[in-house]
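The values are calculated or read from the model by the stated rules, or taken from the named source; none is laboratory data. These numbers were taken from a predicted model, which means no experiment stands behind them. Positions of Cβ are generated from backbone atoms using ideal geometry, with glycine treated the same way; all protein chains shown enter the neighbour counts. Heads up: the accessible areas ignore ligands, DNA and RNA and are worked out on the full protein's heavy atoms, side chains in. Shrake-Rupley method; radii C 1.70, N 1.55, O 1.52, S 1.80 Å.
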Amino acid sequence: MIRGRLLVDRMFDQGVLDVNPASLDSRLLVIGAGACGVTPAAHAAVRGAEVLLIDKEPVRFGFQMNAPTRWIDPVQYDWPLDRWMGMGSPWAGANMPHSYLAGPAPTVASTWELRDLPLAIVLAAGRLKILMNAGLDGPMALLPDKVHVHIKVKGRSCPEPMEFGRVIVAVGPGQEKTAVPWPKVAGGYAGFEFWEKDDFEVRPWTHGAASTDVVISGAGDGSLQDFLRLMTGLPSAKHIYLTCGLSPSVARDLNTAEAIARSALHWGNNGNYDHLIHRQLDVEHRAAARRVLGSARVRTALDGMLANAPDSMRLVFRCDHFTCMYGLNRFLAHLIIERFLLPKLPPPPPVILMVNAGTIVTAAVGLGHPCGVPAYCFGKPHEVKLAGAPSCWAAGPPPGPPAAVRANVVVIRHGLQEGDVRNLGLVPQLRARQILPYYPPN
């Protein structure tokens, strides 16, 4: 949202977007009516451009509207910086077209849809037009001084091309890989997508099984967020942190390590460069977690959250470190793992944490039921096939033989399949690093 707003401001600043109705540069097409598309569309229209916003889906903010089990928060992942405790975006009063207060995803999106967007439409004074169930009928024709597009609405094509001076594509980074094998084949296992209603906070999960056995494949932020929810039953990392009653000194201890890592990660874009950075971060976070667990008060609070943890949890990934970018996910995951590793303390219910396993999930087969629909598979028994995988920094053969385990909750978080923008006639670009937004001066 911040990038969308800043992009429009820079376009005006550089003269590539105009407010003169006689100029084609005043006509802007925005493709994608999610939070990252509606923001620049509304902002540009309020500033004086003629804007058409289109989306192939029937509703705006569809990801958030359809994800009632996701908690979203504009600042919780600013941790360990002090501002992470706020509930709203510091950009809210800086001419942003949409507010953003932490809450369940549909609640936040409903505020955007029912309050903020109608206000932006009024302020745009007729310059913002929105077409849902609409998309491009063929690739864009990128001409020297304009863009030709054919648009179809509800399957019906407009006979004449529409002309725009500028186009912003906000269709998302690509398809999420939540199936094994991948690409998904008939009869293959498919887990819940990240922006999909799931049952991770429901107890019990299983259909009459004697135990709840979970396998999560992946080491990024999506995997760790689901790990935290499945282990504690709480909706967000912030809820877990606050329930533990952790001292602010924890964030201070890790602030330097996080700042160094963020700076270093901007210089690389693959495992060869990232491996040592992530591994050192894990070392720092594990040490901080062990220090925190010296407090009986913290252990008691954490054990209360873990009282309904799964009977077994296998968190598997292919290298010897997490690859998440958000320090709060990393720290809390290590806090829970270290709690189960303490040798001299009464442990919570038995949980197997297969970290540093050098493995990935390659397939899952339903035992007694067909796979394919996540909500139908959830809680039912599966045979999960694990295979050795090379570390993130080295090519070569997998380090270990295949294996199989039983699980009735299987979560696949294998990243994104990039390149969807080819459907628009565009060349895919390397995804930028996920970076924290900066905040304007008061």
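Listed by first and then second residue, the pairs linking a residue in the range 251-268 that is within 17 Å of Leu328 (Cβ to Cβ) to a residue that is open to solvent by 10 Å² or more (accessible area, probe 1.4 Å) and of a type in the set (Ser, Thr, Tyr), with Cβ atoms under 9 Å apart and 6 or more places separating them unless they lie on different chains, are Leu265/Tyr273.
Scan the range 194-206 and tell me whether some residue there is in a strand (DSSP E or B), open to solvent by 10 Å² or more (accessible area, probe 1.4 Å), in contact (Cβ under 8 Å) with a residue 60 or more places away in the chain and farther than 25 Å from Val59 by Cβ. Looking through the range 194-206, none of the residues is in a strand (DSSP E or B), open to solvent by 10 Å² or more (accessible area, probe 1.4 Å), in contact (Cβ under 8 Å) with a residue 60 or more places away in the chain and farther than 25 Å from Val59 by Cβ. Filtering the range 283-308 to residues that are under 26 Å from Arg83 (Cβ atoms), touching a helix residue (DSSP H, G or I) at 6+ places or on another chain (Cβ under 7 Å) and of a type outside the set (A, V, I, L, M, F, W, C) leaves Glu284, His285, Arg286.
With respect to the stated conditions, Gly187 is touching a Cys at 6+ places or on another chain (Cβ under 7 Å) and in contact (Cβ under 8 Å) with a residue 60 or more places away in the chain.
Scanning the range 33-43 for residues that are open to solvent by 20 Å² or more (accessible area, probe 1.4 Å) and not in a loop (DSSP other than H, G, I, E, B) returns a single hit, Cys36. Of the helices (runs of 4 or more DSSP H) lying entirely inside the range 44-128, those containing at least 1 residues that are in contact with a helix residue (DSSP H, G or I) (Cβ under 7 Å, 6 or more places away or on another chain) and of a type in the set (S, T, N, Q) are 62-65. Is it fair to say Val30 is closer than 15 Å to Gly172 by Cβ, open to solvent by less than 10 Å² (accessible area, probe 1.4 Å) and assigned to a strand (DSSP E or B)? Taking the combined requirement at face value, the residue satisfies it.
For Met231, the requirement of being hydrophobic (A, V, I, L, M, F, W, C), touching a residue at least 12 places away in the same chain (Cβ under 8 Å) and open to solvent by 10 Å² or more (accessible area, probe 1.4 Å) is not met. Would it be correct to say that Gly86 is without any contact (Cβ under 8 Å) to a residue 60 or more places away in the chain and open to solvent by less than 20 Å² (accessible area, probe 1.4 Å)? No, not satisfied.
Taking the stated definitions as given, is Asp18 part of a loop (DSSP other than H, G, I, E, B) and open to solvent by 10 Å² or more (accessible area, probe 1.4 Å)? When the stated conditions are applied, Asp18 passes them.
Taking the criterion of being in a loop (DSSP other than H, G, I, E, B) and either of a type in the set (A, V, I, L, M) or open to solvent by 10 Å² or more (accessible area, probe 1.4 Å) (or both), the residues of the range 179-193 that qualify are Pro181, Trp182, Pro183, Lys184, Val185, Ala186, Gly187, Phe192, Glu193. Which of (1) hydrophobic (A, V, I, L, M, F, W, C); (2) at pLDDT 90 or above; (3) more than 15 Å from Leu246 (Cα to Cα) is the odd one out, the single condition Leu342 does not satisfy? With (1) hydrophobic (A, V, I, L, M, F, W, C); (2) at pLDDT 90 or above; (3) more than 15 Å from Leu246 (Cα to Cα) applied to Leu342, the lone miss is (2). Kindly check whether there is at least one residue in the range 365-381 that is surrounded by fewer than 17 Cβ atoms within 10 Å (Cβ to Cβ) and at pLDDT below 80. Within the range 365-381 (the criterion being surrounded by fewer than 17 Cβ atoms within 10 Å (Cβ to Cβ) and at pLDDT below 80), the answer is no, since none of the residues qualifies.
Taking every residue in the range 108-137 that is open to solvent by less than 40 Å² (accessible area, probe 1.4 Å) and pairing it with any residue that is assigned to a strand (DSSP E or B), at least 6 positions away or on another chain, the pairs with Cβ-Cβ distances below 6 Å are Val108/Ile72; Leu128/Val51; Ala134/Ile54; Ala134/Ile151; Ala134/Val153; Leu136/Val149.
The residues in the range 142-174 that are in contact (Cβ under 8 Å) with a residue 60 or more places away in the chain, exposed (fewer than 14 other Cβ atoms within 10 Å of the Cβ) and under 33 Å from the mean Cα position of the chain (by Cα) can be counted, and the count is 1.
Applying the set (1) at pLDDT 90 or above; (2) touching an Asp or Glu at 6+ places or on another chain (Cβ under 7 Å) to Leu265 leaves exactly one unmet item: (1). Please verify whether Lys238 is in contact (Cβ under 8 Å) with a residue 24 or more places away in the chain and assigned to a loop (DSSP other than H, G, I, E, B), treating the condition exactly as stated. Taking the combined requirement at face value, the residue does not satisfy it.
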